[in-house]
Amino acid sequence: MTHDVQRDDDFVVNAKNQVKSDGVAFNVLKYSVGGVQGEKTMADLGDRKKAMEDQYFQDAERSIKLKSRMDRLLAQWIAGLICRDDVAGYGAEITDARFKGGGDAGVLSKAISDLQAAGQNVSEQDVAAKMSEFLVEAAGQP
C-alpha cells in the first residue's frame, strides 16, 4: 500500500514517485538542470515522440532540398559539357531520374548515359566525384 504525498486535479503522486491517473501508474523522473528542479512523467514521452517525428520530417526536408540544389549544379555542369541550352529543363530530367531511378544511383546513371550519348568521355568516377563536390557546395548555400 502506498501513501499519497501530493494530489492534483487529475494526478496522484505517491511515495514511490509514481503518478497515478485513471488507474495507470507512471514513473516520475526528477531532474535538476541549471539549478532548476522539476519532474517529468512517462506521459511526456508523447511530447518526445512528437518532437522526434518533427525532427525526422525536418531532416528529410533538408535532405531533399540539399539533393535538389546538388542536382541543379550537376545539371548546369553536364548541360555545358553536352552543349544543351535548356539547363532548367535538363535539371528537371535529372530530378526525375532521382525520384524514378533510385536516388544518387539513378542520377549517376542518367548523367553517364547523357554524356556518352553526346560523345563525352567522362568516367563514372569523375561524375561521382563531381556529385560529391556539388553536394558540398550545395550544403554551403542557403
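For the range 55-142, the Kirkwood hydrodynamic radius comes to 13.1 Å, computed from all pairs of different C-alpha atoms.
Coupling constants for the range 123-128 follow from the phi torsions by the Karplus curve (6.51 cos²θ - 1.76 cosθ + 1.60, θ = phi - 60°), and in residue order they are 6, 4, 5, 5, 5, 4 Hz; glycine and proline get x. Per-residue accessible area (protein heavy atoms, 1.4 Å probe) orders VAL122, VAL136, VAL87 as VAL136, VAL87, VAL122, starting from the largest.
The values are calculated or read from the model by the stated rules, or taken from the named source; none is laboratory data. Remember, it's a predicted structure, so these values are computed and weren't measured experimentally. Surface areas here come from the heavy atoms of the whole protein model, side chains and all, with no ligands, DNA or RNA. Shrake-Rupley method; radii C 1.70, N 1.55, O 1.52, S 1.80 Å.
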